[in-house]
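All remarks here apply to the structure that follows.
Taken together, the values in this text are just the output of simple stated rules run on the coordinates, not laboratory data. Since we're looking at a predicted model, the values are computed, not measured.
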Amino acid sequence: MLDKLGLAGIVGVLCCLGGLAVIAYVAPVVAGGLALVLIGLVLVVRSLLSGMLSAFGMDGMI
């Protein structure tokens with residue numbers, strides 16, 4: 001999985017986790033809400049990419 005993300009993807013994931021950790025330190029309930037929003041956003045983007053790839057005939061790539 002790490003080889004598919006690349007350096008920018010790994011840094012992005014670490015920044016998201018670091019930001020959530022800082023928010024969780026101050027306000028745990030807000031951090032939980034933000035985590036749910038981020039997970040939802042990732043699922044929507046994955047669904048859109050999967051639909052787009054299947055439209056081009058590349059089923060099962062994601």
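Here is how the numbers come out for the structure above:
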{"item": "Contour excess over end-to-end distance, with Cα ends at VAL13 and LEU43 and 0.36 nm allotted per residue", "result": "9.3 nm"}
{"item": "Helix-only mean residue ellipticity at 222 nm for the chain, each DSSP H run of n ≥ 4 adding -39500 (n - 2.57), per residue, nearest 500", "result": "-30500 deg cm²/dmol"}
